[in-house]
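S.K.: Quick one: structure below, then a few questions.
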Amino acid sequence: MKTLTMCLIASLAVPVCLAAPPEPKPSQGSGVARPDGASRIPTGYRGIIGQVSVAEAAPGFELTSADEKRVKLSGFAGDRVLLCFVERREVFSDYRDTADSLLAIGVRLIGIARDSPRSLRSLAERDSLTFVLLSDPTGEISAIYGSYDFATSTIRPGYVLVGRTSVVRMALLGQQLRPEHLIQITRYALTGL
C-alpha cells in the first residue's frame, strides 16, 4: 500500500516539480513576469479569471482573515506559503496537524474559502486551527488562481505553493489531497526527495 501511495504521489508531483527551476535566494527579484495568454472566459462573466503556472509570479491579492484583518500575499514575501483552496470551511479541520508539519519544513499554510471571516474564526476557535484562514466571498481570487468552477459557482479544491520570491513552485488544482499526501508532495516540490 505504501508503494502504491508513493507512486501516486510521484505521478502527481513529478511533472510539476520537474518544471520548477531552483528557488532563488530571498534577496533576489520578485519573480518571473506573468506571460500573456488567452483565457476562455465564460459567457456573461464580468470578473477576473486566470490560471497559475509553475515558475511564474504568483498573482498578488488582498483578502480578509478570520481575525477581520486585511492580508496581502505580499505580506508573506520571504516565506514559502501553501495556498489551500476549498469550497467548504470544514475541510480545513483536516489540515490542523498538517499546518505544523508544513511549518517544520519551512512552509506556511494559508486556507482560502468563500465563507465569511466570522464563520472562519468560529471554525478556527472550535477546532484550534493555528494557520491563516482567508475569506474569498466572491471567488475572484480563487478564479485568478484557476481554482474556480464557473459551471457550479464553487471553489474547486487546489493547492499552490508560492516560493520565497513570490514565484509559483507547485500548482495542483481540481483535486482534494489527504493531508499526509499534501505534506509529501510539498516536500518533494521543495527538495525533489
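The values are calculated or read from the model by the stated rules, or taken from the named source; none is laboratory data. Since the model is a prediction, treat every value here as computed from it, not as a measurement. Backbone-built Cβ (ideal geometry, glycine too); neighbour counts: all protein chains shown. These area figures cover heavy atoms from the full protein model, side chains too; ligands, DNA and RNA do not enter into them. Shrake-Rupley method; radii C 1.70, N 1.55, O 1.52, S 1.80 Å.
S.K.: Scanning for something of a type in the set (F, W, Y) and open to solvent by 30 Å² or more (accessible area, probe 1.4 Å), does segment 123-135 turn up at least one residue?
M.R.: no
S.K.: Which residues, counting only those in segment 52-71, are in contact with a Ser or Thr (Cβ under 7 Å, 6 or more places away or on another chain) and in a loop (DSSP other than H, G, I, E, B)?
M.R.: Of everything in segment 52-71, those that are in contact with a Ser or Thr (Cβ under 7 Å, 6 or more places away or on another chain) and in a loop (DSSP other than H, G, I, E, B) turn out to be A58, G60.
S.K.: From E68, E90, which residue is out of contact with any Gly (no Cβ under 7 Å at 6 or more places or on another chain), on the phi > 0 side of the Ramachandran plot and free of Cβ contacts under 8 Å to residues at least 60 places away in the same chain?
M.R.: E68
S.K.: Residue check, L82 against (1) more than 19 Å from S166 (Cα to Cα); (2) not in a helix (DSSP H, G or I), all met but one. Which one?
M.R.: So the condition that L82 fails would be (1).
S.K.: Quick check on segment 83-91. Is at least one of its residues modelled with pLDDT of 95 or more and of a type in the set (F, W, Y)?
M.R.: Taking every residue of segment 83-91 in turn, at least one turns out to be modelled with pLDDT of 95 or more and of a type in the set (F, W, Y).
S.K.: Please go through segment 136-162 and pick out each residue that is open to solvent by 30 Å² or more (accessible area, probe 1.4 Å) and either at positive phi or not in a strand (DSSP E or B) (or both).
M.R.: P137, T138, E140, F150, A151, T152, S153, R156, P157
S.K.: Count, please, the residues in segment 98-122 that happen to be open to solvent by 70 Å² or more (accessible area, probe 1.4 Å), touching a residue at least 12 places away in the same chain (Cβ under 8 Å) and closer than 20 Å to A189 by Cα.
M.R.: Within segment 98-122, residues that are open to solvent by 70 Å² or more (accessible area, probe 1.4 Å), touching a residue at least 12 places away in the same chain (Cβ under 8 Å) and closer than 20 Å to A189 by Cα number 2.
S.K.: If you check G60, G50, which single one turns out to be of a type in the set (G, A, S), within 28 Å of A151 (Cα to Cα), modelled with pLDDT of 90 or more and in contact with a helix residue (DSSP H, G or I) (Cβ under 6 Å, 6 or more places away or on another chain)?
M.R.: Only one candidate passes the filter, namely G60.
S.K.: Could you please let me know if L83 is surrounded by 14 or more Cβ atoms within 10 Å (Cβ to Cβ), of a type outside the set (S, T, Y) and in contact (Cβ under 8 Å) with a residue 60 or more places away in the chain?
M.R.: yes
S.K.: Based on this model, can you work out whether A189 counts as crowded, with 22+ Cβ neighbours inside 10 Å, modelled with pLDDT under 95 and in a strand (DSSP E or B)?
M.R.: Taking the combined requirement at face value, the residue does not satisfy it.
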